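Below is one structure, written out as structure tokens, with a few remarks after it.
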Amino acid sequence: MKYTTAIIQLPIVREDKGERVRTPEDAYRICADLAQLAQESFHVLILNAKNTLVERCMVSLGLVDASLVHPREVFRTAIHKNAAAIVLVHNHPSGDPTASSEDVRITRQLVEAGRIIDIKILDHVIIGRRSDNHQAFLSLREEGICTFN
């Protein structure tokens, strides 16, 4: 019988250096730069068990009014970084953060996928631009549009 030895190195201490993400305002502040983009960009805020930001990653860069998003891409980095939870964030280049039916559909699909792999989706924040007609962002959780974990 032949045996192989594997050497594994594990960090003894992992320092949290990120910001806490507790509210939709926190997610907006971290991703406010998306408001000025001319095309949709879908990002994931990867959080640890204390809701501290581990990483912000862009999942998709789309068109003026659409962005292709699939659970595989959304959860890839989250799984790799041992995420306890994530926050979904994308922009509407029109400036109007109102959720579309597609935004609601993909959010529900991603929440279900997160349940299966045990990574909570805390919110989906849509970033627009503040005007007389609308706010700078919309939280699907706060608006009660989708049910989250």
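Annotations for the structure displayed:
- Cβ-defined net charge surrounding E112, 13 Å radius [Lys, Arg +1; Asp, Glu -1]: +3
- Across the stretch 17-149, the relative contact order, built from alpha-carbon pairs under 8 Å that are at least six residues apart, equals 24 percent.
- Net charge contributed by nearby residues that have their C-beta within less than 12 Å of F42 (K/R +1, D/E -1): -3
- Calculated [θ] (222 nm, deg cm²/dmol) that DSSP helices of n ≥ 4 give over the chain, each run adding -39,500 (n - 2.57): -7000 deg cm²/dmol
- Residues whose amide H falls under 5 Å from that of G62, counting only those 5 or more places apart or on a different chain, are E40, S41, F42, with hydrogens built in the peptide plane.
- Summed residue charge, Cβ within 12 Å of Q135's Cβ, Lys/Arg positive, Asp/Glu negative: -3
- Quotient of the Cα radius of gyration of the stretch 39-149 and 2.2 N^0.38 Å, N being its number of residues: 1.01.
- Between the Cα long axis of helix 101-117 and the first principal axis of the chain there is an angle of about 20°, rounded to the nearest 10.
- Relative to the longest principal axis of the Cα atoms of the chain, helix 71-80 runs at roughly 40 degrees.
Read-outs: derived from the displayed coordinates by stated rules, not from any lab. What you see is a predicted model; the values in this text were computed from it and never measured. Because the Cβ atoms are built from the backbone with ideal geometry, glycine has one as well, and the counts that use them run over all protein chains shown.
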